[in-house]
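Some notes on the structure that comes next.
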Amino acid sequence: MCGVAGLFDYRARRAPEVLAARARAMADALKHRGPDDGDVWADAAAGIALGHRRLSIIDLSPAGAQPMVSSCGRFVLSYNGEAYNADALKPELEAAGRKFRGHCDTEVIVEGAAVWGVEATIKRLIAMFALALWDRQERTLYLVRDRLGIKPLYWVETGDTLLFGSELKALRTVKEWNPSLDRDAVAAFLRFAYVPGTRGIYRGVRQLAPGTMLVARAGQPVETREFWSLDEAARKGQADRFAGSEDEAAQILDALLTDAVKRRMVADVPLGAFLSGGIDSSTVLALMQKSSNRPVRSFSIGFHEKGFDEAPHAARIAKHLGTDHTELYVQPGHALEVIPRLPEMYDEPFADASQIPTFLVAEMTRRHVTVALSGDGGDELFAGYTRYFRSESVRRVLDTVPRGARGMAAAAVKSVAPGTWSALGGWLPSQWQVNQLGDRVHKLAGALAGTPADFYRLMVSYWDNPDAIVCGGAEPKGLLWDARVAGRVPDPVERMQYLDTLTYLPDDILTKVDRASMAVSLEARVPLLDHRVVEFSWRLKPALKASGGTGKRVLRRVLDRYVPKALIDRPKMGFGVPIDSWLRGPLKDWAENLLGERRLATEGVFDPAPIRAKWREHLSGERNWQYPLWAVLMFQAWKERWLP
């Protein structure tokens with residue numbers, strides 16, 4: 001895995017040494033992504049400079065160094081990612097007369113562009129990537145991001161210059177660019193705990209959308225176009241449903257996943273896998289072990305706090321599969337030490353609290369291997385999130401209750417304090433008990449008077465009224481407000497999968513894994529997000545993914561072939577840390593400093609009143625406001641680091 005950076009001066013005004021120095025500084029800001037090597041390629045007459053930082057994974061020799069020039073001299077590539085079918089494409093290129101210096105996938109891409117064209121090459125890749133490709137003949141820059149958004153790529157036009165990089169810290173090294181806060185993006189961040197879509201936290205900054213190619217030429221407006229879209233995959237899948245049985249679907253999925261996993265096990269450095277003990281990571285590990293003639297390295301972390309420890313489950317699965325398993329039990333102090341590093345690591349506001357254990361497992365894993373496979377994507381593709389079934393239950397209720405009665409029911413529910421609801425929940429049988437029942441019941445009541453779409457949006461919101469919190473901010477209304485989605489994806493659960501795959505997956509889950517792994521120079525690969533698996537998942541009928549309140553039906557059938565059900569069947573546990581109690585305990589002073597009423601008022605980004613009210617209620621134990629408070633805290637910590 002690597003870091004990509006560079007600039008395109010449309011007017012070619014910079015001297016050669018200045019242009020190269022700018023690109024080198026941008027790339028060096030990404031050294032954590034690529035600690036092994038780094039270089040710059042520049043053409044001052046064209047105004048272009050590409051920088052690169054390398055984490056050597058395949059072909060560790062200088063033959064794999066970047067930026068890489070094609071053998072004909074026309075194309076120059078700076079590339080972050082892995083192409084898992086490079087070996088299959090290489091013979092075609094050799095037959096076309098291309099001479100290869102080494103065996104890295106980068107060379108296959110740059111030579112492919114020369115033989116097949118840029119877009120045709122990209123479409124042939126089974127890969128994760130963010131890349132910058134310069135066509136010296138046409139004086140055209142291509143920026144391209146992989147289909148699902150596994151790897152990041154930011155860009156901004158400032159004056160007559162286009163800046164781009166894997167992380168914002170690369171752009172910040174260019175002194176001519178003066179970043180300013182986008183308050184509309186702050187409002188969107190408060191709702192989702194991440195900056196959504198193609199926006200950046202700064203005005204004018206954009207993140208290239210998944211499956212998109214940007215084309216830049218001097219004297220012409222920047223052009224963006226899709227080379228792959230989930231919308232098309234969903235449309236085709238719904239129009240051509242898989243007609244076989246559940247067993248036949250499991251057989252096909254097993255073969256697809258086995259190939260996807262096996263391709264991602266190719267590396268010239270040590271390799272392993274994250275293991276939480278859940279369905280997704282267990283499936284990936286089982287298929288890795290099936291394809292290996294020696295024990296696969298697997299890694300888990302555990303917590304001593306009740307309700308947060310999955311390590312025993314993971315250890316039992318590792319033992320059954322026969323992997324070489326390593327686990328680390330994290331002391332609270334170790335986890336707390338990570339928090340001051342988060343603004344530097346994530347580079348823009350990000351407040352999914354599972355960022356902490358994700359970093360900790362990446363840090364531990366990197367001590368042993370350089371590449372780790374993860375199980376991310378299974379919930380979105382195969383309907384694993386509990387909110388899918390919760391939303392479905394709400395939909396059924398709403399369909400039978402007159403709108404006027406819903407408002408009365410909501411008022412009745414909210415008249416009982418959250419703590420009372422939680423206490424009542426303690427009398428339920430253990431299999432029906434829910435963490436933070438009172439807060440969840442009150443959130444549910446907030447959606448009773450609305451539509452199922454309102455409820456889904458509420459379920460994924462940290463603050464459901466961010467415009468009232470951010471001074472001068474107006475939340476952009478994106479895909480979750482688009483009424484056309486219901487027509488594109490009629491099934492309610494599939495619609496939520498669709499929305500999550502386009503929003504939550506790239507902007508939260510994949511961002512979290514990328515930044516946490518790259519912070520310790522670890523390459524994370526995600527076989528469940530092989531685009532062939534994604535496309536097949538959309539051919540499956542909804543009942544093959546979820547039925548009877550249980551998700552991942554067909555994925556479970558695949559895992560049943562390798563792991564006994566008794567080791568897997570248990571309530572879903574989130575990958576988190578006890579932020580709620582930490583905010584009342586060891587993080588209290590840190591939080592109070594960032595949430596101080598005078599500080600908030602002086603800085604002028606947030607209205608202090610609603611934030612202070614939630615903080616007081618949280619400290620008293622009256623309510624658990626850990627998630628909305630964590631969003632504000634992560635913004636404040638980021639602002640303190642990057643906009644002091």
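Can you give the extra length, in nm with one decimal, that the chain gains between Ala63 and Val266 once fully stretched, where that is 0.36 nm per residue apart less the Cα-Cα distance?
Going from the current span to full extension adds 71.3 nm.
Scan the stretch 529-593 for chymotrypsin sites (Phe, Trp or Tyr not before Pro) in coil per DSSP, keeping those whose Cβ has at most 11 other Cβ atoms within 10 Å, and list them by number.
Within the stretch 529-593, no chymotrypsin sites (Phe, Trp or Tyr not before Pro) qualify (loop, at most 11 other Cβ atoms within 10 Å).
Go ahead and run the numbers for FRET between Ala88 and Arg387, Cβ-Cβ distance against an R0 of 41 Å, rounding to 0.05. Mind dumping the intermediate values first?
On the way: r = 39 Å, r/R0 = 0.95.
Efficiency, from the Cβ-Cβ distance: 0.60.
Go through the stretch 1-104 and name the trypsin sites (Lys or Arg not before Pro) that are in a DSSP coil and have 14 or fewer other Cβ atoms within 10 Å of their Cβ.
Numbers: sites: Arg11, Arg13, Arg14, Arg22, Arg24, Lys31, Arg33, Arg53, Arg54, Arg74, Arg98, Lys99, Arg101; in loops: Arg11, Arg13, Arg14, Arg74, Arg98, Lys99, Arg101.
Answer by residue number: Arg11, Arg13, Lys99, Arg101.
If you fit an axis through the alpha-carbon atoms of helix 230-239 and take the longest principal axis of the Cα set of the chain, what angle between them do you get, 0 to 90°, nearest 10?
70
In degrees, nearest 10, range 0 to 90: what is the angle between the Cα axis of helix 386-400 and the longest Cα principal axis of the chain?
Relative to the chain, helix 386-400 is tipped by roughly 50 degrees.
Once phi is turned into ³J(HN,Hα) by the Karplus curve 6.51 cos²θ - 1.76 cosθ + 1.60 with θ = phi - 60°, what whole-Hz value does each residue of the stretch 166-174 show in order, with x for glycine and proline?
Coupling constants for the stretch 166-174: 5, 9, 5, 4, 5, 5, 5, 6, 7 Hz.
Relative contact order of the stretch 22-83: what whole-number percent is it, with Cα pairs under 8 angstrom and at least 6 residues apart?
With pairs under 8 Å counted, the relative contact order is 27 percent.
Nearest 500 deg cm²/dmol is fine: what mean residue ellipticity at 222 nm does the chain get from its DSSP H runs of n ≥ 4 alone, each adding -39,500 (n - 2.57), divided by its residue count?
-12500 deg cm²/dmol
So, by mean Cβ neighbours within 10 angstrom, what's the order for 545-554, 347-356, 236-245, 591-600 with the highest one leading?
Going from most to least packed, we get 347-356, 545-554, 591-600, 236-245.
Work out Dmax and Rg for the stretch 1-99 from the C-alpha atoms and quote the Rg first, both in angstrom.
Cα-based Rg and Dmax for the stretch 1-99 come out at 14.7, 42 Å.
Kindly put Met364, Met518 in sequence by how many other C-beta atoms sit within 10 Å of each C-beta, fewest to most.
By the 10 Å Cβ count, ascending, the order reads Met364, Met518.
For the chain, calculate the relative contact order in percent as a whole number, restricting contacts to Cα pairs under 8 Å that are 6 or more residues apart.
Computed over the chain, the figure is 16 percent.
At a Cα cut-off below 19 Å, give the lysines reachable from Lys236, other chains included and same-chain residues fewer than 8 away excluded.
Lys123, Lys541, Lys545
Expressed as a rounded percentage, what relative contact order does the stretch 2-228 have, with Cα pairs under 8 Å and six or more residues apart? Could you put the intermediate results ahead of the total?
Working: 515 pairs, mean separation 44.5, N = 227.
This gives 20 percent for the stretch 2-228.
Please list, or write none, the aspartates and glutamates whose alpha carbon is within less than 20 Å of the alpha carbon of Lys175, excluding same-chain residues fewer than 8 places away.
Output for Lys175: Asp9, Glu17, Asp28, Glu157, Asp160, Glu167, Glu344, Asp347, Glu348, Glu640.
Would you mind computing the Rg to Rh ratio of the stretch 122-235 from its alpha-carbon coordinates, Kirkwood style for Rh?
Numbers: Rg = 14.8 Å, Rh = 15.2 Å.
Taking Rh as the inverse mean 1/r over Cα pairs, Rg/Rh reads 0.98.
If you find the alpha carbon centre of the stretch 312-375 and of the stretch 108-184, how far apart are they in angstrom?
Cα centres, the stretch 312-375 to the stretch 108-184: 29 Å.
Label the stretch 198-340 by shape, choosing from rounded, prolate and oblate, from the square roots a ≥ b ≥ c of the eigenvalues of the Cα gyration tensor; if a/c is under 1.5 it is rounded, and otherwise prolate applies when a/b is larger than b/c, oblate when it is not.
oblate
Suppose R0 equals 30 Å; then what is the FRET efficiency for Lys99 and Ser229 from their Cβ-Cβ distance, rounded to the nearest 0.05?
Numbers: r = 36 Å, r/R0 = 1.19.
After rounding to 0.05, the efficiency reads 0.25.
Would you list the P(r) distribution for the stretch 2-228, with all Cα-Cα distances sorted into 5 Å bins from 0 and each bin expressed as a whole %?
Histogramming the stretch 2-228 at 5 Å steps yields 1, 7, 15, 20, 21, 17, 10, 5, 2, 1, 0 percent.
Based on the Cβ-Cβ distance of Asp247 and Ser292, what FRET efficiency does E = 1/(1 + (r/R0)^6) give at R0 = 25 Å, to the nearest 0.05?
After rounding, the FRET efficiency stands at 0.45.
Pairing the Cα long axis of helix 492-502 with the longest principal axis of the chain, what angle in degrees results, from 0 to 90 and rounded to the nearest 10?
40
Roughly what would the spin-label model give for Val520 and Arg11, points 7 Å off Cα along C-beta, in nm?
In this crude label model, Val520 to Arg11 measures out at 4.7 nm.
D for the chain, whole µm²/s, Stokes-Einstein with Kirkwood Rh over alpha-carbon pairs at 4 °C and 1.567 mPa s: what number?
It comes out at roughly 50 µm²/s.
Might you report the magnitude of the Cβ-based charge dipole of the stretch 262-384 about its Cα centre, with Lys and Arg at +1 and Asp and Glu at -1, to the nearest 20 debye?
Its charge dipole is roughly 800 debye.
Bear in mind these aren't lab numbers, they're just calculated from the coordinates by the rules spelled out. The shown structure was predicted, so the numbers you read here are calculated from the model rather than taken from an experiment. Cβ: placed from backbone, ideal geometry, glycine included. Neighbour counts: every protein chain shown.
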